[in-house]
1. Before we move on, is Thr75 farther than 23 Å from Val145 by Cα and either crowded, with 20+ Cβ neighbours inside 10 Å or in the same structural domain as Arg266 (by TED's automatic domain parsing) (or both)?
2. So if I check each of Glu179, Glu142, Glu123, which one is without any contact (Cβ under 8 Å) to a residue 40 or more places away in the chain and charged (D, E, K, R)?
3. Would you say Ser171 is farther than 22 Å from Pro158 by Cα and buried (at least 17 other Cβ atoms within 10 Å of the Cβ)?
4. Taking Ser165, is it modelled with pLDDT of 95 or more and of a type in the set (Ser, Thr, Tyr)?
5. Among the residues of the range 6-21, are any in contact with a Gly (Cβ under 8 Å, 6 or more places away or on another chain) and at pLDDT below 95?
6. Out of all the residues in the range 229-248, is one or more under 22 Å from Arg266 (Cα atoms), outside any loop (DSSP other than H, G, I, E, B), at pLDDT 95 or above and of a type in the set (Lys, Arg)?
7. Looking only at the range 83-99, which residues are at pLDDT below 95 and part of a helix (DSSP H, G or I)?
8. Does Val44 fit the bill of being surrounded by 20 or more Cβ atoms within 10 Å (Cβ to Cβ) and more than 21 Å from Ala126 (Cβ to Cβ)?
Amino acid sequence: MAPAALALFALLTGCVADSKAQGAQQRPTIVSLNPCADAILAEVADPGQLLALSHYSADPRSSSLAPGQSGTWPTTRGTVEDVIALHPDLVIDGSFTGPATSAAYARLGQRVETVGTVSTVEEARAQVRRLALLAGHPERGEALVAQIDAALAAAAPPPGAPPVSAVMWQSGGMVPGNETLIADLLRRTGFSNATAAKGYAQADLLPLERLLADPPQVIFTVAGGEGQGGDADRMLRHPALARLAGVRRAAFAPNLLYCGGPTVIRAASCLAEVRRALLAGGSLQ
């Protein structure tokens with residue numbers, strides 16, 4: 001190869017190497033303080049990028065991570081001192097960060113991005129893409145979105161199938177409103193949100209007596225997660241529920257209620273499994 005060609009080749013390969021190095025440098029180290037962001041970042045970031053996740057991810061009952069992933073990454077108590085000690089390039093927090101905490105991060109020059117609660121599958125897709133972009137891996141975000149869409153397609157009811165009335169009954173009798181992610185997932189998997197149809201909004205309480213007086217076809221019982229349960233869950237197991245004719249009950253994990261990302265895949269699969277079991281049992285037409 002001529003000297004001039006060798007020089008050009010060295011220059012081009014050097015540019016490619018520099019470009020790859022710059023790409024690696026643009027992928028920040030991250031501390032996540034948001035349980036829903038934890039699960040997404042676990043899928044789209046490099047393991048070495050995640051310095052710590054929220055304390056929720058240390059407990060399988062509250063973690064949005066896939067089963068078996070809890071304990072994979074360090075967690076923090078969420079204090080500014082804990083986070084700054086890790087020297088992250090980026091902190092991901094929830095949208096309800098206190099003013100004092102935000103001011104402390106600003107004084108320290110710490111970059112912080114916040115994520116809110118998603119209320120639709122569309123918002124869940126957007127959140128995945130945003131976090132993947134912040135992590136420097138937009139292509140992994142697109143791959144996760146494709147997995148979510150495939151799971152929703154697999155969980156969808158047959159065309160023309162009538163919706164199955166359902167109540168998502170949480171610890172203490174709380175129910176979701178219609179403008180929530182779980183309500184969107186119920187619709188997409190062939191259910192109707194019976195409490196929303198009766199005028200109940202997000203976090204309203206459905207008394208046992210009213211549930212017994214006008215029961216749905218399916219009652220999803222959501223026992224308390226971390227720090228909950230006990231007396232609040234006793235109503236979910238009331239003996240009167242067993243005497244409801246033609247009503248099925250199914251347990252639903254509390255950590256599948258609120259988060260998008262890969263949590264959508266597990267929630268949709270669980271809902272679809274219940275609906276298919278009902279159809280197989282001949283109790284639905």
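1. So Thr75 passes the test.
2. Just a single option satisfies the conditions, and that option is Glu142.
3. yes
4. yes
5. no
6. There is no residue in the range 229-248 that is under 22 Å from Arg266 (Cα atoms), outside any loop (DSSP other than H, G, I, E, B), at pLDDT 95 or above and of a type in the set (Lys, Arg).
7. Pro99
8. So Val44 fails the test.
The values are calculated or read from the model by the stated rules, or taken from the named source; none is laboratory data. The model shown is predicted, which means the values in this text are computed figures rather than measured ones. Reconstructed Cβ throughout: ideal geometry from the backbone, glycine too, with neighbour counts over all protein chains shown.
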